[in-house]
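The values are calculated or read from the model by the stated rules, or taken from the named source; none is laboratory data. Everything numeric in this text was worked out from a predicted model, so none of it was measured. Heads up, the Cβs are rebuilt from the backbone with ideal geometry, glycines too, and the neighbour counts pull from every protein chain shown.
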Amino acid sequence: MSDIQKNGDRFTVDAHVLSEAFDLSLEETKGKMRGGQIVSLCESGEGEDAGRWRLTFRYQGRALRLTVDADGNTLSKSTFPVGGLERDPDR
């Protein structure tokens, strides 16, 4: 079984992929997904990128980006720092 499954226009990513990327246990990862602390974005490719999707997960200033094909095969994977999603409490 692949770590990424495509179901119609949605994807399911195995929690261990996220736990490895964010250095969390599986239990922590699942709890943070349920609690909205790990957020995700799915973008479909257009033009020459048609048939590809970019799945981005963000948690505490880090991002995991997966580029996948229609079968859920990972074409590329990267992690990188990103700006926080939290609001500045002084504003």
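Where the second residue is among the aliphatic types (A, V, I, L, M) and the first is on the phi > 0 side of the Ramachandran plot and lies in the stretch 33-51, which pairs have Cβ atoms under 9 Å and are six or more apart or on separate chains? The qualifying pairs are G51/A70.
Checked against (1) surrounded by fewer than 11 Cβ atoms within 10 Å (Cβ to Cβ); (2) on the phi > 0 side of the Ramachandran plot; (3) under 15 Å from the mean Cα position of the chain (by Cα), G61 passes all but a single condition, namely (1). Of F11, F80, F57, all but one fail to be touching a Gly at 6+ places or on another chain (Cβ under 9 Å) and either in contact (Cβ under 8 Å) with a residue 60 or more places away in the chain or outside any helix (DSSP H, G or I) (or both); the exception is F11.
Selection over the stretch 72-91 of residues that are touching a strand residue (DSSP E or B) at 6+ places or on another chain (Cβ under 7 Å), at pLDDT below 95 and not β-branched (V, I, T) gives a count of 2. In the stretch 66-73, is there at least one residue being assigned to a strand (DSSP E or B) and exposed (fewer than 14 other Cβ atoms within 10 Å of the Cβ)? Scanning the stretch 66-73 turns up no residue that is assigned to a strand (DSSP E or B) and exposed (fewer than 14 other Cβ atoms within 10 Å of the Cβ).
Of the residues making up the stretch 1-31, those that are small (G, A, S) and under 14 Å from the mean Cα position of the chain (by Cα) are A15, S19, A21.
Picking from residues in the stretch 1-34 that are farther than 15 Å from R54 by Cα and basic (K, R), the one that is surrounded by the fewest Cβ atoms within 10 Å (Cβ to Cβ) is R34. Based on this model, can you work out whether S25 counts as over 19 Å from T79 (Cα atoms) and polar (S, T, N, Q)? Here the answer is no, as S25 does not meet what is asked.
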